[in-house]
Amino acid sequence: MEAHSASKTALIMSIISVIFLAANLRAPITSVGPLVPFICEDLGLSNTAAGILTTVPLLAFAVLSPFASRLARAFGMEIVLFVSLLFLLAGHIFRPLGGVSLVFIGTILIGAAIAVDNVLMPALVKEKFSNYVGWMTGVYTVAMNLTGALASGLSVPLASATGFGWRGSLGCWAVLTVVALALWALQLRSRKKDLSQPTGSERRSLWKSRLAWQVTLFMGLQSLLFYTLITWLPTMLQNKGMNPETSGWALFLFQFAQLPFMFIVPVIAEKMKTQTLLVWVTFVLKAAGIGGFLFGSPALVWLWAVMLGIGAGFAFSLAMMLFALRSRSAMQAADLSAMAQSFGYLLAAFGPPLFGSLYDITKGWTLPLFLVLLVSAFLLLAGIGAAKDRYVTES
């Protein structure tokens, strides 16, 4: 009885630790978008430079993701996640302290930490919750994006309430990191040094797998769309006459609309033989939302934000599930996640600065939004291939 009780307590603590870790994987980035006009004014940044500020974490994801699974093999999943949280806390401390250099240094540290955590989360779920992969994927994606949505909506109010402007607003989110560090310090006691390891041929074949590349493109294109929108949606709305605080809440709504579907989609996807229908629903929602911003009534801006949010919820949660559904083991899921997030985020990194540059050149949002619509079409094509019922070592 005592052993069962201890096991149940350990499971509950693992779930709570995963939730708080996930809570740190969006807020440090999504909190920036509504504050871009204030940061630009204070530091003298152009729109293109502001886009690069959001792109820095994506570049860190691209560069560091391939090393995450190697670190997990060498030191164990729990200790790697704990150390990543130390880097994340350092980033939170540096970012508000000074001028442009410290902002970028802090952003790089934040990007490095989240890069490792992004890769290992699907593998952690597949390893620790093998009988509930769909449910736990839903739980951690909801936690991740709920805090991301709150960060978007609260950024401008926090900037006013703290009296420290954008610096105080960004610094507030370090509290979540401190809580996660405390929880993962406890998880170190039960850390495992090795995950189930695929053979050398399996690891080499991953980069030769057509299915792995389709998963990678799906991950990258949905990330490009997400990070482009969270960076520029508030600025776009402000340019159309919306006040900064309301534009932040529009971005909050965009992310909040994702949450129910981030829980539901993984559970449904796990039960489906192929996920093609979910890919098509994703495309229709994204296309409708973008079309609304292009051609629809400004009075329906909240509807367009909701449709884009639901589409983003479908896309992200499905991408996370594909790492588990298309792999045979936790370590292979980590390797697929590393590949998809490395190349995928490199692709995504082009989104925010390109969107900003097109606006700087054309002085309007029509061409940038058509670019987003085109990317959505490519997301559909990649998703149809990634949704097939196969494993990456079979294609």
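The values are calculated or read from the model by the stated rules, or taken from the named source; none is laboratory data. Computed from a predicted structure; not experimentally measured. Quick reminder, even Gly has a Cβ in these numbers, built from the backbone with ideal geometry, and neighbours come from all protein chains shown. Keep in mind that these areas ignore ligands, DNA and RNA; they rest on the heavy atoms of the full protein, side chains included. Shrake-Rupley method; radii C 1.70, N 1.55, O 1.52, S 1.80 Å.
If you check LEU71 against the conditions, is it open to solvent by 60 Å² or more (accessible area, probe 1.4 Å), within 25 Å of TRP184 (Cα to Cα), touching a residue at least 12 places away in the same chain (Cβ under 8 Å) and not hydroxyl-bearing (Ser, Thr, Tyr)? Yes; evaluated as a whole, the condition is true for this residue.
Hey, among LEU109, LEU25, which residue is in a helix (DSSP H, G or I), within 20 Å of the chain's Cα centre (by Cα) and aliphatic (A, V, I, L, M)? When all the criteria are applied, what remains is LEU109. When restricted to residues that are basic (Lys, Arg) and open to solvent by less than 90 Å² (accessible area, probe 1.4 Å), the range 361-395 contains 1.
Taken as a whole, the structure leaves GLY91 outside the set of residues that are part of a helix (DSSP H, G or I), at pLDDT 85 or above and touching a Lys or Arg at 6+ places or on another chain (Cβ under 9 Å). Checked against (1) in contact with a Phe, Trp or Tyr (Cβ under 9 Å, 6 or more places away or on another chain); (2) at pLDDT 80 or above; (3) polar (S, T, N, Q), SER69 passes all but a single condition, namely (1).
In summary, VAL116 fulfils each of the numbered conditions (1) β-branched (Val, Ile, Thr); (2) open to solvent by 10 Å² or more (accessible area, probe 1.4 Å); (3) more than 20 Å from ALA338 (Cα to Cα) with the single exception of condition (3).
Just one of (1) assigned to a helix (DSSP H, G or I); (2) open to solvent by 10 Å² or more (accessible area, probe 1.4 Å); (3) in contact with a helix residue (DSSP H, G or I) (Cβ under 8 Å, 6 or more places away or on another chain) fails for LEU277. It is (3). Of the residues VAL80, VAL139, VAL125, the single one that is part of a helix (DSSP H, G or I) and either within 19 Å of ARG326 (Cβ to Cβ) or open to solvent by less than 10 Å² (accessible area, probe 1.4 Å) (or both) is VAL125.
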